[in-house]
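A short worksheet on the structure shown next.
The values are calculated or read from the model by the stated rules, or taken from the named source; none is laboratory data. None of these values were measured; they are calculated from a predicted model. Here Cβ is always computed from backbone atoms with ideal geometry, including for glycine, and neighbour counts include all displayed protein chains.
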Amino acid sequence: MKVNTYLNYGGNCQEAFRFYEKHLGGKLASITTWDQMPNAEKNVPPGMEKAVLHARLELGGTVIMGADVPGYQPMRSAYLTLLCTSSEEAERTHALLAEGGEIFMKMEETFFAHRFSMLRDRFGTSWMIIHERPMPGGA
């Protein structure tokens, strides 16, 4: 069994996934719009014709999938976590994703990380960015 993440968006899924592909080194594997589904004329909610029905992005050794959904509401109970290999990479990534977004915890040093932040980007995705600190007794 494998676990992947599925994200919902309010009309900007394609923009978000293309941004992540370009700036985070992801690879957009597929993207399908609502009007490409079988019997689209009967099944597509009004105004959703060119919205994303399903997208798949390979990023950091995992898969992120997403779609534009009617009635979208951003959530804060789950975060995508980016494990950075340096404090400089963490700072750069934080600045990139924070632009136009909302910062929940500013980039700073913590007892468990050289650099750590929490934010929601301008697309509605919540992120944790971390350059981990070795912890005593860690496995």
Picked from the range 73-109 (must be acidic (Asp, Glu) and loosely packed, with under 12 Cβ neighbours inside 10 Å), the residue nearest to Tyr9 (Cα to Cα) is Glu99
Flagged in the range 81-97 as hydrophobic (A, V, I, L, M, F, W, C) and out of contact with any Gly (no Cβ under 9 Å at 6 or more places or on another chain), in numbering order, are Cys84, Ala90, Ala95, Leu96, Leu97
Of all strands (runs of 3 or more DSSP E) fully inside the range 1-72, the set with 2 or more residues that are in contact with a Gly (Cβ under 9 Å, 6 or more places away or on another chain), surrounded by 13 or more Cβ atoms within 10 Å (Cβ to Cβ) and not β-branched (Val, Ile, Thr) is 5-9, 52-59
- Task: Kindly check whether there is at least one residue in the range 111-127 that is loosely packed, with under 12 Cβ neighbours inside 10 Å, more than 20 Å from the chain's Cα centre (by Cα), modelled with pLDDT of 95 or more and part of a strand (DSSP E or B).
- Result: no
